[in-house]
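J.: Can you keep this structure in mind? I'll have questions shortly.
The values are calculated or read from the model by the stated rules, or taken from the named source; none is laboratory data. Quantities reported herein were computed from a predicted structural model and do not represent experimental measurements. When we count neighbours, we look across all protein chains shown, and the Cβ atoms used for this are built from the backbone with ideal geometry, even at glycine. Note: areas computed on protein heavy atoms with side chains; ligands, DNA, RNA excluded. Shrake-Rupley method; radii C 1.70, N 1.55, O 1.52, S 1.80 Å.
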Amino acid sequence: AEKVRIGIVGYGNLGRGAELAVEKNPDMELAGIFTRRDPNTIQTATNANVYCQDNIRSFQDKLDVLILCGGSASDLPEMSPELARLFPIVDSYDNHAKIPDHYKKVNQAAEEAGKLAIISAGWDPGLFSLNRLLGEIVIPDGGTHTFWGKGLSQGHSEAVRRVEGVKKGVQYTVPMEEILEDARNGKGEDLTAAERHKRVCYIVADEKDHARIEEEIKTMPDYFAPYDTTVHFIDEETFDSEHQKMRHGGFVIRSGNSSKAHKQAMEFSLTLESNPEFTASVLVAYARAAYHLHKKGETGAKTPFDIPFSAMTHKTSAEIMKDLL
Ligand SMILES: NC(=O)C1=CN([C@@H]2O[C@H](COP(=O)(O)OP(=O)(O)OC[C@H]3O[C@@H](n4cnc5c(N)ncnc54)[C@H](OP(=O)(O)O)[C@@H]3O)[C@@H](O)[C@H]2O)C=CC1
Ligand SMILES: N[C@@H](C[C@H]1CC(C(=O)O)=NO1)C(=O)O
């Protein structure tokens, strides 16, 4: 059977993860990696073809779906609507406060072009969103708790790297343990994410820029402003030796009452050795769905809530029926 031809746009942590994830899916092949940098400077893990992103329009008959791996802070708001006009796309846009705006812009572009776009795929937004909704559906009288980490948030790390003067940077999200325990006992359901987590950044930058960079990070809307944030400035060799891992994970807990007599609880958790490789694996599954749903004539922007698992799997409907038994 014909393979789904994938294009990866943006070769950072997520792009490298996507390159490896395509290899794990026999019904897919990597048509090419597109970058805004000089393709000759890019070393890939799988000897993939690397092209200038400016030339992507000429690939319209050479690939089926684009997986957009740019940053949510400033790349995807421009790229997703622009590329949704040319190809079916999947993105991982994760600035929660601005997802409705992103959806509107991408939907308009995709509808005008008669293309399908799946936005905000990944794990949060993404798999955690699906489990938050499922929890509300099956335990209507209850509360939902989301915890991330301790681990490296790619969205927050990419956002700090975009601050002028930051040479290297990462952000770790740290859940408050005492609140995590309460959540398991159904307490604290009205706490905000900022009341449940601290954010800790490690930055390499010139001393003269430290005060400005710290201020810009701590006041950054959506990503940092509501949180208790700590910014550490370290030298480059410490950064290179201590901050290369991108572990992450977390929980979605829904707890509540099915009657006066009984409490119920539901929990979905992730333990990730590589945040980018896991996220990319989710994006590849949504790329499969984008391909099949687009072929059926579906158009416009979709979120993970709109995508049936049956479109995300390579298995036939008879095979997934067997999975139910
Ligand atoms: N929804 C979810 O659950 C998740 C969402 N995400 C999203 O994924 C986004 C991307 O994360 P991540 O891949 O870690 O970000 P990176 O900073 O690694 O990459 C972002 C872009 O920066 C450019 N870039 C990468 N490395 C370099 C470099 N050395 N020099 C110059 N440019 C570079 C690349 O574009 P180019 O090749 O064109 O230069 C790349 O696409 C995040 O912003 C986050 O929002 C991530 C995890 C989970
Ligand atoms: N979008 C996040 C995925 C999870 C992690 C996270 C956080 O640590 O704040 N929020 O959502 C990422 O980019 O890693």
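J.: Please enumerate the residues belonging to the range 203-216 that are over 19 Å from residue 155 (Cα atoms) and surrounded by fewer than 16 Cβ atoms within 10 Å (Cβ to Cβ).
T.: Result: 206, 207, 208, 210, 211, 212.
J.: What's the number of the only condition in (1) of a type outside the set (D, E, K, R); (2) within 22 Å of residue 127 (Cα to Cα); (3) within 16 Å of ligand 2 (Cβ to nearest atom); (4) open to solvent by 30 Å² or more (accessible area, probe 1.4 Å) that residue 286 fails to meet?
T.: With respect to (1) of a type outside the set (D, E, K, R); (2) within 22 Å of residue 127 (Cα to Cα); (3) within 16 Å of ligand 2 (Cβ to nearest atom); (4) open to solvent by 30 Å² or more (accessible area, probe 1.4 Å), residue 286 is out only on (4).
J.: So, in the range 228-260, exactly how many residues are under 20 Å from the mean Cα position of the chain (by Cα) and free of Cβ contacts under 8 Å to residues at least 12 places away in the same chain?
T.: Looking only at that region, the number is 1.
J.: I'm checking my understanding of the structure. Among residues of the range 133-159 that are within 23 Å of residue 176 (Cα to Cα), away from ligand 2 (no atom under 12 Å from the Cβ) and of a type outside the set (S, T, N, Q), which one is farthest from the chain's Cα centre (by Cα)?
T.: 142
J.: Those residues that are open to solvent by 80 Å² or more (accessible area, probe 1.4 Å), outside any loop (DSSP other than H, G, I, E, B) and either more than 16 Å from residue 201 (Cβ to Cβ) or among the hydrophobic types (A, V, I, L, M, F, W, C) (or both), I need them from the range 241-264; list them, please.
T.: 241, 263, 264
J.: Every residue in the range 115-132 that is of a type in the set (A, V, I, L, M, F, W, C), within 30 Å of residue 259 (Cβ to Cβ) and touching a Ser or Thr at 6+ places or on another chain (Cβ under 9 Å), please.
T.: 128
J.: Somewhere in the range 300-307, is a residue crowded, with 21+ Cβ neighbours inside 10 Å, in contact with an Asp or Glu (Cβ under 9 Å, 6 or more places away or on another chain) and assigned to a helix (DSSP H, G or I)?
T.: Checked against the condition, which is being crowded, with 21+ Cβ neighbours inside 10 Å, in contact with an Asp or Glu (Cβ under 9 Å, 6 or more places away or on another chain) and assigned to a helix (DSSP H, G or I), the range 300-307 yields no hits at all.
J.: Do we find a residue being more than 23 Å from residue 6 (Cβ to Cβ) and either more than 16 Å from ligand 2 (Cβ to nearest atom) or among the aromatic types (Phe, Trp, Tyr) (or both) anywhere in the range 81-102?
T.: The answer is yes, given that some residue of the range 81-102 is more than 23 Å from residue 6 (Cβ to Cβ) and either more than 16 Å from ligand 2 (Cβ to nearest atom) or among the aromatic types (Phe, Trp, Tyr) (or both).
J.: Please enumerate the residues belonging to the range 65-92 that are of a type in the set (A, V, I, L, M) and either within 12 Å of ligand 1 (Cβ to nearest atom) or within 18 Å of residue 33 (Cβ to Cβ) (or both).
T.: 65, 66, 67, 68, 73, 76, 79, 83, 86, 89, 90 - these are the residues of the range 65-92 that are of a type in the set (A, V, I, L, M) and either within 12 Å of ligand 1 (Cβ to nearest atom) or within 18 Å of residue 33 (Cβ to Cβ) (or both).
J.: Filter the range 11-57 for residues that are within 14 Å of ligand 1 (Cβ to nearest atom) and among the β-branched types (Val, Ile, Thr); which is farthest from residue 152 (Cα to Cα)?
T.: 56
J.: Could you give every pair whose Cβ atoms fall below 7 Å, whose first residue belongs to the range 304-324 and is without any contact (Cβ under 8 Å) to a residue 60 or more places away in the chain, and whose second residue is among the hydroxyl-bearing types (Ser, Thr, Tyr) and open to solvent by less than 80 Å² (accessible area, probe 1.4 Å), counting only separations of at least 6 or pairs across chains?
T.: 312/286; 317/310; 320/310; 320/313
J.: Still on this model: Residue 66 fails exactly one of the following numbered conditions: (1) in contact with a Gly (Cβ under 6 Å, 6 or more places away or on another chain); (2) of a type in the set (A, V, I, L, M); (3) farther than 30 Å from residue 315 by Cα. What is the number of that condition?
T.: Failed condition: (3).
J.: Quick check, is residue 152 modelled with pLDDT under 95 and under 30 Å from residue 285 (Cβ atoms)?
T.: Spelling it out, it is not the case that residue 152 is modelled with pLDDT under 95 and under 30 Å from residue 285 (Cβ atoms).
J.: Further, regarding this structure: Which one of these is within 30 Å of residue 91 (Cα to Cα), open to solvent by 30 Å² or more (accessible area, probe 1.4 Å), at pLDDT 95 or above and not hydrophobic (A, V, I, L, M, F, W, C): 238, 219, 229?
T.: Of the residues listed, the single one that is within 30 Å of residue 91 (Cα to Cα), open to solvent by 30 Å² or more (accessible area, probe 1.4 Å), at pLDDT 95 or above and not hydrophobic (A, V, I, L, M, F, W, C) is 219.
J.: What are the residues in the range 308-325 that are open to solvent by less than 60 Å² (accessible area, probe 1.4 Å) and more than 22 Å from residue 133 (Cα to Cα), if any?
T.: Matches in the range 308-325: 320 only.
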